[in-house]
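J.: Quick one: structure below, then a few questions.
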Amino acid sequence: MIKAAITAVAGFLPDNIVTNADLEKIIDTTDEWITTRTGIQQRHIEKDPKKATSDMAVEAVNLLCKKSGMKPTEIDLLILATVTPDMVFPATANILCAKIGATNAWGFDLSAACSGFIYGLATGAQFIETGRYKKVVIVGADMMSRIIDYEDRTTCVIFGDGCGAILLEPNNEGMGIQDFILHADGNGVNYLHMKAGGSLNPSSMDTVTNKMHYVHQEGQTVFKHAVYNMAEVSAKIMEKNNLTADDVNYLVAHQANKRIIEATASRMGVGSEKVLMNIQRYGNTTAGTIPLLLWDYEHQLKKGDNIIISAFGGGFTWGAIYLKWAYDTKAKA
Ligand code: UT7
């Protein structure tokens, strides 16, 4: 049976870095609070107002093409997970394909907040497994700084900008995506959302004055749901596939809060040496966190490694993917 394997990863982060010390100067916070409550020490923020999510994605997908030797015209399908599209429509996936010259691809944006990348990975895999397509690109990209209120200390310390991309190709050796469990519960809407800009609250002077174009998060409630659901779904996918903690080589978890990631690892019985982490450098890049983690740690991953990917985010949305890594790499590129 054909499996869908990740055969290349790439990423992009804007150059500009905002440290906790920088935030101390603009809001009532401390490096100590941010570090102990979240694990975040800095985040990348795009300063150029002319740049948008598609521009980060162009950099990541161009690097993906370079690393894999793939021409943009070879891409069959491109799925872009984001909550910060360039515009409400058309899809940023379409804008991206035009910018990189992926003239034979079709694609769409996928809105599942922090679970966007795993939703996209599971969706894209279907097109490979059925034999329909040979090259599917999944992008997780968010320019969170464009929807964050930098006067709101409860959200502005957490989020950052960034983008990651992976290439999915057919594999006949049993490597690649083995299983996934995905969930959604729209009752979570009240706790994590952006109120305006859609059909419910179209943009107006009022929506701007009332700061309705920013992320609203009830942190503690989201935290509790995230800890419980990410931990449970990660343990469940192990159980379903008869994996013990010893069988798992790495946990690749959405980077929202170091404490949520540690709780997930603990529920799985997986030691901290198997937990991949880069939240300290990038913060929460929403759909970007998981492909950025794979990019950062690609050089460490070995063919056949059992990897559990898990995420939780706005919606609520959550899930886990079990995959066998398909290749060895020498160094980060
Ligand atoms: O990625 C998608 C899903 N999102 C998540 O998974 C995020 C889940 N939530 C969280 O990670 C955490 O809830 C936060 C990091 C957002 C907040 O951490 P917390 O430990 O839950 O803090 P809290 O909201 O319970 O606030 C504790 C205190 C409050 O002060 P009082 O009322 O106890 O005096 C807050 O006002 O910390 C205060 N506080 C801050 N203090 C300094 C909140 N933000 C800050 C800040 N600096 N930046």
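J.: Work out from phi, with θ = phi - 60° and the Karplus expression 6.51 cos²θ - 1.76 cosθ + 1.60, the ³J(HN,Hα) of each residue of region 127-139, listed in order in whole Hz, and give x for Gly and Pro.
T.: 6, 7, 4, 6, x, 6, 10, 9, 9, 10, 10, 10, 10
J.: Run the 1.4 Å probe and let me know the accessible area of T103, rounded to the nearest 10 Å².
T.: 110
J.: Over region 3-174, what is the mean sequence separation of C-alpha contacts under 8 Å (at least six apart), divided by residue count, expressed as relative contact order in percent?
T.: 34
J.: Next up: Let me understand region 178-332 better: what is its radius of gyration from the alpha carbons, and its Dmax, in angstrom?
T.: Values for region 178-332 (Cα only, Rg and Dmax): 17.4, 56 Å.
J.: Ok, one more. Which of the residue pairs K50/K71; K50/K195; K47/K134; K50/K224; K236/K302; K3/K240 have a Cα-Cα distance greater than 29 Å in the structure shown?
T.: Among K50/K71; K50/K195; K47/K134; K50/K224; K236/K302; K3/K240, the Cα-Cα distance tops 29 Å for K47/K134; K50/K224.
J.: If eta is 0.890 mPa s and T is 25 °C, what Stokes-Einstein diffusion coefficient results for region 1-106, Kirkwood Rh from Cα pairs, in µm²/s?
T.: For these conditions, the coefficient is 151 µm²/s.
J.: Just to be sure I understand the model, the point goes 7 Å from the Cα along the line to the Cβ. What's the resulting R153 to R37 distance in nm?
T.: In this crude spin-label approximation the distance works out to 0.8 nm.
J.: Would you calculate the separation in nanometres between label points at K240 and D206, each defined as 7 Å from the Cα along the Cα-to-beta-carbon direction?
T.: According to this spin-label approximation, the distance is 4.4 nm.
J.: Relative contact order for the chain: what is it in percent, counting Cα pairs under 8 Å that are at least 6 residues apart?
T.: Relative CO of the chain lands at 25 percent.
J.: Same structure again: Along its three principal axes, how long is region 44-183 when you only count alpha carbons? Whole Å, largest extent first please.
T.: Principal-axis extents of the Cα atoms in region 44-183, largest first: 52, 34, 27 Å.
J.: Next up: I want the local charge near I148. Using Cβ-Cβ distances under 13 Å, sum +1 for each Lys or Arg and -1 for each Asp or Glu among the other residues.
T.: -2
J.: Separation of region 152-204 and region 228-266 by C-alpha centroid, Å?
T.: Result: 18 Å between the Cα centres.
J.: What nm distance separates the two modelled labels at D48 and T73, each placed 7 Å from Cα along Cα→Cβ?
T.: Going from the D48 label point to the T73 one covers 2.7 nm.
J.: If the label point is 7 Å along Cα→Cβ of I26, which residues in region 129-159 have backbone nitrogen under 19 Å from it?
T.: Taking a point 7 Å out along Cα→Cβ of I26, the residues of region 129-159 whose backbone N falls under 19 Å are 142-159.
J.: Give the calculated FRET efficiency between T103 and M1 to the nearest 0.05, with a Förster radius of 25 Å applied to their Cβ-Cβ distance.
T.: Efficiency for this residue pair is about 0.20.
J.: By how many nm would the segment from S111 to N187 lengthen if fully extended, with 0.36 nm per residue of separation less the alpha-carbon distance?
T.: Here the answer is 25.8 nm.
J.: Which of the three applies to region 32-71, rounded, prolate or oblate, going by the alpha-carbon gyration tensor with a ≥ b ≥ c and a/c under 1.5 meaning rounded?
T.: Note, shape of region 32-71 comes out oblate.
J.: Also, I was wondering about something else. Report, to one decimal in Å, the Kirkwood hydrodynamic radius for the chain based on all distinct Cα pairs.
T.: Final number for the Kirkwood radius of the chain is 19.7 Å.
J.: Whole-Hz Karplus ³J(HN,Hα) for region 286-293, in order, using 6.51 cos²θ - 1.76 cosθ + 1.60 and θ = phi - 60°, x for Gly and Pro?
T.: Karplus values, whole Hz, x for Gly and Pro: 6, 6, x, 4, 6, x, 5, 5.
J.: Starting with the highest mean, order 80-93, 215-228 by the number of other Cβ atoms within 10 Å, averaged over the residues of each peptide.
T.: Result, highest mean Cβ count within 10 Å first: 80-93, 215-228.
J.: Can I ask one more? Give me the net charge for the shell around I26: Cβ to Cβ below 12 angstrom, other residues only, Lys and Arg +1, Asp and Glu -1.
T.: -4
J.: Computing the accessible area with a 1.4 Å probe over protein heavy atoms, can you report the carbon and sulfur percentage for the chain?
T.: Of the solvent-accessible surface of the chain, carbon and sulfur hold 53 percent.
J.: Once you keep just the Cα pairs under 8 angstrom separated by 6 or more residues, what percentage relative contact order results for region 77-146?
T.: It comes to 46 percent, rounded to a whole number.
J.: Then there is this: Can you give the calculated 222 nm mean residue ellipticity of the chain, where each DSSP H run of n ≥ 4 adds -39,500 (n - 2.57) and the sum is split over every residue, rounded to the nearest 500 deg cm²/dmol?
T.: Using -39500 (n - 2.57) per qualifying helix, the result is -9500 deg cm²/dmol.
J.: With equal scatterers on the alpha carbons only and no solvent term, can you work out the Debye log10 of I(q)/I(0) for region 134-182 at 0.28 1/Å?
T.: -1.05
J.: Using the Karplus equation 6.51 cos²θ - 1.76 cosθ + 1.60 (θ = phi - 60°), what ³J(HN,Hα) coupling, rounded to whole Hz, does each residue of region 221-231 give in order, writing x for Gly and Pro?
T.: The phi angles translate into 5, 4, 4, 4, 5, 5, 4, 5, 6, 5, 5 Hz.
J.: Using a cut-off of under 18 Å, list every residue of region 163-190 whose amide N is near the label point 7 Å from the Cα of Q220 along the Cα-to-beta-carbon line.
T.: Counting only backbone N, you get 190.
J.: Another question, if that's okay. Write down the accessible area per residue of the chain in Å², having rolled a 1.4 Å probe over the full set of protein chains.
T.: For the chain, the solvent-accessible area averages 42 Å² per residue.
The values are calculated or read from the model by the stated rules, or taken from the named source; none is laboratory data. These numbers come from a predicted model, not from an experiment. Cβ: placed from backbone, ideal geometry, glycine included. Neighbour counts: every protein chain shown. We work out accessible area using only protein heavy atoms, side chains counted, and drop any ligands, DNA or RNA first. Shrake-Rupley method; radii C 1.70, N 1.55, O 1.52, S 1.80 Å.
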